[in-house]
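Only the coordinates and a few stated rules stand behind these numbers; no lab work does. Values in this document were obtained by computation on a predicted structure and should not be read as measured data. Cβ placement follows ideal geometry from the backbone for every residue including glycine, while neighbour counts extend to all protein chains displayed.
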Amino acid sequence: MATCAECSFFFQIPENYSDHEPGKGDCVTEKKDEKGKYWLSKPTFADSASCAKFNKSVNL
Ligand code: SF4
C-alpha cells in the first residue's frame, strides 16, 4: 500500500522547526468553499497508510 511519503500533499517538517520529529510531516490540501480557496494542514507521518485523497508525487 502507498504511504503519505509518496503523496504530493505530504511536506516533511524541516529539522530546524520546533515540532520536527523523524518522519513527521504535514498533509496540505487545497479546499474550496463559497468564499474561495484555502489550504488545510494536518499532521501526518511519512509511513502512514495513504488515504482516499492520495495523489502520487511526480518527484519520486
Ligand atoms: S493523508 Fe492522504 S492526502 Fe494527506 S499526505 Fe497522506 S495520502 Fe496524501
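Please list, by residue number, every one of the chymotrypsin sites (Phe, Trp or Tyr not before Pro) in region 23-58 that is coil in DSSP and has at most 11 other beta-carbon atoms within 10 Å.
For chymotrypsin sites (Phe, Trp or Tyr not before Pro) across region 23-58 that sit outside H, G, I, E and B with at most 11 neighbouring Cβ atoms in 10 Å, the list is empty.
Under a Cβ-only charge scheme (Lys and Arg +1, Asp and Glu -1), can you give me the dipole magnitude of the chain about the Cα centre, in debye to the nearest 20?
My answer is approximately 320 debye.
Can you list which of the GluC sites (Glu not before Pro) found in the chain are DSSP loop residues with at most 14 other C-beta atoms within 10 Å?
Listed in order of number, the matching sites are E15, E34.
Does the chain come out rounded, prolate or oblate, given a ≥ b ≥ c as the square roots of the eigenvalues of its C-alpha gyration tensor, rounded meaning a/c under 1.5 and, failing that, prolate meaning a/b above b/c?
oblate
Search the structure for amide H atoms under 5 Å from the amide H of C7, placed 1.01 Å from N in the peptide plane, and list their residues when 5 or more places away or on another chain.
Under 5 Å from the amide H of C7: S57.
Just subtract the alpha-carbon distance of S41 and E15 from 0.36 nm times their residue separation and send over the number in nm, one decimal.
7.5 nm
Show me the trypsin sites (Lys or Arg not before Pro) within the chain that DSSP assigns to loop and that have at most 13 other Cβ atoms within 10 Å of their Cβ.
Qualifying residues, ordered by number: K35, K53.
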